[in-house]
């Protein structure tokens, strides 16, 4: 039906159970941007030099580094990096005391 | 009515009573003449324990409105009040309350904006906020200050509205004028105004959301439109709430108040306490056989254009008396809205500006206006020589600072 | 209400549009790690607003509100008061603002909050300029630093927010750094547990504004502390405790040379900066007894 100033305005859809509309500016979805697409270099870890100190995990701005303890087993990499979000900033490489992380071309 | 008690209150006192009856939980008011007694009295009520609330002794009006919004988002009614430049200082944040749909109700004690500096009554402060997205109501009497605040809460918090609202009272003329007021009992108000519940957007770690983040051009119009729909809905909600208030408390209000307009030749549109003087003057003139009428705008936002258009239809002449200048436009603010509301030929609607900066709007001012309207109502061609829009401004306006100088030019 | 579309460890999303190497991103994660879910955050426009999100998407799992640039402390005070009157004073209210929003336009609201004793945890992430709008100078820009509005290098000293906080007699104020995470977390916990207003001023390295390779953020922030350009200390009810080393400091050039924003500095400028640091540290050591 024509609304004010002749603009056609739809009535809001009927709410299904467990659903409602809210009005005004609000963000209701927790989500990530695929920041991995920004990279021009990526971290490459030499697991054999890694002492699992955790510095890379501590200082990764995107919090995508997980350092696994030895107890996790032989076939678990000491340092796991979620490349979907890694921006290739290079902090992990810079803070590693054993220099076992190198930034290589993407 | 049995659910009310008579008290002698001034406008500030009535506003304080209303806020207390509404059980506000957080107060953040900053003192400014002529509103300061509201900030003071609320502080006393909190200190004595009569009002269970947190009093944030804010360091500016900008903070006052910000803190009120923050508090109300947690689920309590937040109270603040202001005037003049205090309202101007809140300007940036008023839009946040409106856009985030936080239904704060705020008494405004109308006072001129600067410059020139003035302490006294003028509507420029509230008129400057007419696009803020806030509801606006104007009281004519101290009783109305109290009643309109209670009514405003119910309108503002209605699910179909969710808009903040200002209840305006003329500085000093109402804020400091003691009148007999019927104050509803707390139980009766609790029945009329249920406890505040968080609706729509709120801050609660048990139900997180991020409020007021950046919105793209793809969604901004739609959110602004939601506010417009709220104003459209308010047009229906306001009369309904006024009706309920009448049933409970016996005082009848409408979005505008038409006094002896049906058979009037000429009508004066008014707003605020000046309406009382205008009605009194109209009654006197009626005794002399002059067919004059007065309309008072009660709800300025949303503007009652349909109702006003109907009242003013077919009148020989209409005057609109604004208490603010609306500089740069063809006429003053209420005149612009009136002209827009009246269908057809609008050439007989005249803008008047009076009562600025605390100048009293007297019977004589109103009589003069009616006199002009009656003359041009009979013969519009007389308008150029008859109508003086700035009716109470002295003729020597350009000359009031004559000083000595050494220039020989 | 918030729907989790992309799972993340912790309370902050992994993919946020902050610059690569952003110091702010490191500290917000650590702070929220300590404060936990029972927290409401107030963020003004600025770099942190990237965590508020865009449109229907947010990068935070906790409830939050985006205020204006100058009134973060005001909104926070109101929110806290609202919770307290409803018996929910256990909820932490975190004000999270940049240096511009704190030391310049936001200082009035912050001062009011301090003076009233509002129970708010205020964090200033100090990247030393208005970074989000394009690197304009703020009151927290250090001496001789280049920004778009101090192109010849800032001629004035950095506003000392720690001492301003101290002048308000608040129970707890502390300076921290993105490079000293354990120290930061300890201070966040202390701030959270202190009733009344607490203030954390955190040195936040910014590769985009300070002009260095993104991977060097921690190295740069560390150099600031190792040269005394940034001192880690606490002020608890007027008592100052220095947490970082203040003797045998490296010459400040070791810190400044890492950053492009000090490239136009002269020998005289360098001397002035070193003198200012020496003086400030001497004063601080005297005050902390």
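Values quoted throughout were computed directly from the atomic coordinates according to the rules given, and no laboratory measurement underlies them. Predicted, not measured: the structure shown is a model, and the values here were computed from it. When we count neighbours, we look across all protein chains shown, and the Cβ atoms used for this are built from the backbone with ideal geometry, even at glycine.
A few remarks follow.
- Burial ordering of B:154, B:41, fewest other beta-carbon atoms within 10 Å first: B:41, B:154
- Least to most buried among B:280, C:14 (fewest other Cβ within 10 Å first): B:280, C:14
- Relative contact order (%) - criterion: Cα under 8 Å, at least six apart; region: chain B: 16
- The label-point distance for residue B:119 and residue B:186, in a model that sets each label 7 Å from Cα toward Cβ, rounds to 3.5 nm.
- Restricting attention to the range C:20-288, close to 30% of DSSP beta bridges with both partner residues there are antiparallel.
- Among beta bridges that DSSP assigns inside the range B:4-249, antiparallel share in %, nearest 5: 30
- Computed log₁₀ I(q)/I(0) - Debye formula, equal Cα scatterers, no solvent, chain C, q 0.11 Å⁻¹: -0.60
- With R₀ fixed at 45 Å, the C-beta to C-beta distance from residue B:7 to residue C:17 puts the FRET efficiency at about 0.15.
- Relative to one another, the C-alpha centroids of the range B:293-314 and the range C:219-243 are positioned 66 Å apart.
- Candidates B:215, B:69, B:149, ranked by Gaussian network fluctuation over chain B, Cα under 10 Å, top entry: B:215
- Rounded to the nearest 5, the antiparallel percentage of DSSP beta bridges internal to the protein assembly as shown is 35%.
- For residues of C:21-29, the mean tally of beta carbons on other chains within 10 Å: 4
- Chain A, relative contact order in percent, only Cα pairs under 8 angstrom and at least six apart counted: 33
- Structural size metrics of chain A, computed from C-alpha coordinates, are Rg and Dmax of 23.3, 71 Å.
- You can think of it this way: the chain between residue A:21 and residue A:40 has 2.7 nm of extra reach, that is 0.36 nm per residue less the Cα-Cα gap.
- Per residue, chain B reaches -12500 deg cm²/dmol at 222 nm when only DSSP H runs of four or more residues are counted, each adding -39500 (n - 2.57).
- Two-site label geometry, residue A:83 and residue C:250: point separation in nm, points 7 Å out along Cα→Cβ: 3.3
- Cut-off 19 Å (backbone N to label point 7 Å along Cα→Cβ of residue B:220), residues of the range C:129-152: C:133-134
- Listed residues B:325, B:47, B:18, most fluctuating in chain B (Gaussian network, C-alpha, under 10 Å): B:47
- Hydrodynamic radius (Kirkwood) for chain B, which is based on Cα pairs only, to one decimal in Å: 22.1
- Shielding of peptide A:91-97 by partners, expressed as the average count of other chain Cβ atoms within 10 Å per residue Cβ, is 5.
- Per-pair calculated FRET efficiency, R0 = 35 Å: residue B:92 and residue B:283 via Cβ, rounded to 0.05: 0.20
- Helix C:181-193 and the longest principal axis of the Cα set of chain C meet at an angle near 50°.
- In summary, the range B:157-273 shows an alpha-carbon radius of gyration equal to 1.46 times the 2.2 N^0.38 Å reference for compact globular proteins.
- Along its three principal directions, the equivalent ellipsoid of the protein assembly as shown from the Cα gyration tensor extends over semi-axes of 58, 29, 25 Å, largest first.
- Calculated FRET efficiency, residue C:272 to residue B:47, Cβ-Cβ distance, R0 = 51 Å: about 0.45 to the nearest 0.05.
- Once C-alpha pairs closer than 8 Å and six or more residues apart are averaged by separation and normalised to the residue number of chain C, the relative contact order reads 16 percent.
- Each of B:398, B:209 was scored by other Cβ atoms within 10 Å of its Cβ. Listed from fewest to most, they are B:398, B:209.
- Partner chain coverage, peptide C:175-182 - average Cβ within 10 angstrom: 1
- Residues in the range B:113-141 reached by a label modelled at residue B:405 [backbone nitrogen below 14 Å; 7 Å Cα→Cβ]: none
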